[in-house]
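The values are calculated or read from the model by the stated rules, or taken from the named source; none is laboratory data. All values reported here derive from a predicted model rather than from experimental measurement. Cβ sites come from the backbone with ideal geometry, for glycine too, and all protein chains shown count toward neighbours. Note: accessible area is taken over every heavy atom of the protein model, side chains too, but ligands, DNA and RNA are not part of it. Shrake-Rupley method; radii C 1.70, N 1.55, O 1.52, S 1.80 Å.
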Amino acid sequence: MSRVRLGWWLIAIPMSLLALATIYPLLFTANVAMKTRRDYILDRFSLTDALRWENISTAWNSVGMGRYFVNSLLVVTASVLLLLLLGSMAGFALSQLRFRGSSALFLGCLAGLFIPFQVVMVPLARIMADTALIDTYPGLVLVYVAQFLPFTVFLMTSYYKGIPPEIVDAARIDGSTVYGVYRRIMLPLGTPALLSVGILNALFCWNDVLMALVMMPSAEHRTLMVGVTSLRGQYSDNIPTFASGVLIAAIPVLLVYLFLQRQIADGVAAGSTKG
Amino acid sequence: MPIGNTQPSVRPAQAGRAGGAVVTPSAHRKGARPRRARGGLRAERYAPYILVAPAVLIIVLLRLYPLLLGVNFSFTGDGEQNGTAVGFGNYRELFADPLFQTALGNVGLLVLLLPVAVAIPGLLATFIYLRVPGHRFYRSVYFFPAVLSPVIVGAIFNMLLAFDGPLNAVLSSVGVGPVDWLGDPDLAMFMVVGVHIWATFGMALVVFLAGFATLDAALLDAARVDGASLRQVVWHVIIPSLSRTIQFVFVTTMIGMLTSMFGLLYVMTTGGPEGSTYLPEYYIWIKQGQMNRPALASAASTILFMIMLVVGLLQIKLLERAGKED
């Protein structure tokens, strides 16, 4: 027994060092964000002597982080709601209803999983330009929906497969329409899956930079992550303000992680084991 | 699509519980007012298609169609030759471009580093599954960078790895000269890949843990009773039982390396120094956005897609064979 214990501690030491390496960069950033420029130049590691919020407000005001924040919030909310609606509709039909061509349609949706944005970026930008959707909020929302819909349909389909078909049959015998079954039964029943996949999609959309960069060229439409990339040029000689900007952009995700860690991990796990 | 009554999954139990409470009453409520109009029946027949249509339309119009459009586009000319067929001209130019050669070389580097990127989360998941002291804490800490945007991760490491940054400050305090982590062409790509692995191993860890959840605990107990060492347990019980999960992690990690490093590259190195940190995805973006060469970018996109297909298929083949020999 004692030999086993010793073994565990030999593993625990590198594991805790790795945990430190995982968490330290963010603690460092938070600390630097609170320091004065002078303090940072004199000593990069010393703990800040006070919580200074002026760096945060400088970063927030100067590169338009507030505006970018609102842009991100708008686009992400619309994308996630649309993803959940379309994903649950398709998932319900593909898992619970019998109809000709359903397996072909399911495979068609799955095929989207294997086509990353980079591969279709050039033609997609052209399609968006031709339809005057480029540089508009609905345009970016559509791009996000197209990007994450295959995954959402896939997860919702596998989730709804676990719901006994007798429930649908019973409701149908009682005279409910298919749409009624969807709205009154499948949508409420899908809540746990919708929550997981919704949080995951929200993170993906919030964290994206490439699609936002390509589809929203003008400055006033920038999302928060694109805004972060412009911080570097602005504050290359003022690291505390730079760190503050990074912290502002990280805080929403940190909060989501603190409160909804379980649902995020569940979503990722479901995506991998349902295959 | 056949609807099985016996779906082996963790979730139905949960769903069943909710179903008992929520569904039955609502189904009865519905029954109070039956609707059996003739026109209704006809509309009902199309209901499945109407429910699936929006999703399928979006995926077909904004995924599958652009893929074909892009392949077609890659055989046409740029600029003055816009739209005219140029055969394999773009592909010839692509493979002659030193930047694209570097990008392909870096893909090779990623393939070489792939086992590291899979082994780290795999080992950590094994220890967490075997309940190393503090396993809950480790799980949530390790997973945490995976939710951060590559842009944020890149910005943080930009700061840490700067020439006059903290890492070099530590090194100089122990008498090692400053290293230009992101400015040295021989080093920069390793740094970017390292940061990518730092940021994403938590995702793979969670996937591994989900795989472990399906592992037959009796096998492990049997091995323990027989006095197998940790190494023997990993080698003879865990790896063979998890071959599907390992396969999945290999493929998704490789795809992640090929398609989700843009944020890091954009923030940390912008492809430099001397173009040493190019990947096909970054090349596509530069040619499309900065150089206004969409047809050339389409050719690069087609190559990227083919790389992804080949990588995926090869890995599945190799791992299947390895699984059979066991």
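Relative to the isolated chain, which residues of segment A:179-226 have their accessible area cut by 30 Å² or more in the presence of all protein chains (1.4 Å probe, heavy atoms, no ligands or nucleic acids)? Relative to the lone chain, where solvent access is computed with a 1.4 Å probe, segment A:179-226 loses at least 30 Å² at A:179, A:184, A:185, A:189, A:207, A:209, A:210, A:213, A:225.
The trypsin sites (Lys or Arg not before Pro) of segment A:35-124 meeting both criteria, a DSSP state outside H, G, I, E and B (loop) and at most 11 other C-beta atoms within 10 angstrom of the site's C-beta, are A:98, A:100. Semi-axes of the equivalent ellipsoid of segment B:69-180 are 42, 24, 15 Å, computed as sqrt(5λ) over the eigenvalues of the C-alpha gyration tensor in descending order. Residue by residue, segment B:263-272 carries 3J(HN,Hα) couplings of x, 4, 4, 5, 8, 7, 10, 6, x, x Hz when phi is fed to the Karplus relation 6.51 cos²θ - 1.76 cosθ + 1.60 (θ = phi - 60°); x denotes Gly or Pro.
Close amide H pairs (under 5 Å, H built 1.01 Å from N) link residue B:76 with B:86, residues at least 5 positions away or on another chain.
With Cα atoms as the point set, the radius of gyration and Dmax of segment B:237-326 evaluate to 16.8, 54 Å. What's the carbon and sulfur percent of the protein assembly as shown's accessible surface, probe 1.4 angstrom, rounded to a whole number? Carbon and sulfur together cover 65 percent of it. Extent of chain A along its three principal axes (Cα atoms, max minus min coordinate, largest first): 75, 68, 33 Å. The residues of segment B:47-62 listed by number as losing at least 10 Å² of accessible area in the complex, against the isolated chain and with a 1.4 Å probe, are B:47, B:48, B:49, B:50, B:51, B:52, B:54, B:55, B:56, B:58, B:59, B:62. Other residues with beta-carbon under 11 Å from the beta-carbon of residue B:163 carry, at +1 per Lys or Arg and -1 per Asp or Glu, a net charge of -3. In this label model, residue A:53 and residue B:93 are separated by 5.4 nm, measuring between points 7 Å along each Cα→Cβ vector. Semi-axis lengths, largest first, of the ellipsoid equivalent to segment A:1-96 are 39, 35, 7 Å, with √(5λ) applied to each eigenvalue of the Cα gyration tensor.
Taken about its Cα centre, segment B:135-236 carries a charge dipole of roughly 380 debye when the Cβ of each Lys and Arg holds +1 and the Cβ of each Asp and Glu holds -1.
For chain A, a simple Cβ point-charge model (Lys and Arg +1, Asp and Glu -1, everything else neutral) yields a dipole of about 480 debye relative to the Cα centre. Sequence-ordered 3J(HN,Hα) estimates for segment B:80-91 from the Karplus curve with 6.51, -1.76 and 1.60 and θ = phi - 60° stand at 5, 8, 2, x, 7, 6, 10, x, 8, x, 4, 5 Hz, glycine and proline given as x. Listed by chain and number, the aspartates and glutamates whose alpha-carbon sits under 13 Å from that of residue A:35, ignoring those within fewer than 8 places in the same chain, are A:43, A:49, A:54.
The distance between label points at residue B:292 and residue B:215 comes to 5.7 nm (points 7 Å beyond Cα on the Cα→Cβ vector).
Computed over neighbours whose Cβ is under 11 Å from that of residue B:128, the net charge equals +3, Lys and Arg +1, Asp and Glu -1.
With the simple model of a label 7 Å out from the Cα in the direction of the Cβ, residue B:61 to residue A:131 spans 0.4 nm. Working value for the protein assembly as shown: equivalent-ellipsoid semi-axes of 40, 32, 26 Å, each the square root of 5 times a Cα gyration tensor eigenvalue, largest first. The mean sequence separation of alpha-carbon pairs under 8 Å and at least six residues apart, normalised by the residue count of segment A:98-201, gives a relative contact order of 29 percent. The mean of 1/r over all pairs of different alpha-carbon atoms in segment B:148-275, once inverted, gives a Kirkwood hydrodynamic radius of 17.4 Å.
Using the 1.4 Å probe convention, the accessible area of chain A works out to 41 Å² per residue with neighbouring protein chains retained. Within segment B:46-144, the chymotrypsin sites (Phe, Trp or Tyr not before Pro) that combine a DSSP coil assignment with at most 15 other C-beta atoms in a 10 angstrom radius are B:88.
Running Debye on segment A:170-260 with equal point scatterers at the Cα sites and no solvent, what base-10 log of I(q)/I(0) appears at q = 0.26 Å⁻¹? Those come out to -1.23, one per q.
Each Lys or Arg adds one and each Asp or Glu takes one away; over the other residues whose Cβ falls under 13 Å from the Cβ of residue B:186, this sums to -3.
If the segment from residue B:44 to residue B:131 were pulled out straight at 0.36 nm per residue, it would be longer than the present Cα-Cα gap by 26.1 nm. In this assembly, the B-A interface accounts for approximately 9600 Å² of buried accessible surface in total, computed with a 1.4 Å probe and without ligands, DNA or RNA.
Amide H to amide H distances under 5 Å link residue B:277 with B:272, where only residues 5 or more positions off or on other chains count and H is placed in the peptide plane. Can you give the Rg to Rh ratio of segment A:89-209, both from alpha-carbon atoms, with Rh computed by the Kirkwood formula? Using Cα coordinates only, the ratio equals 1.04.
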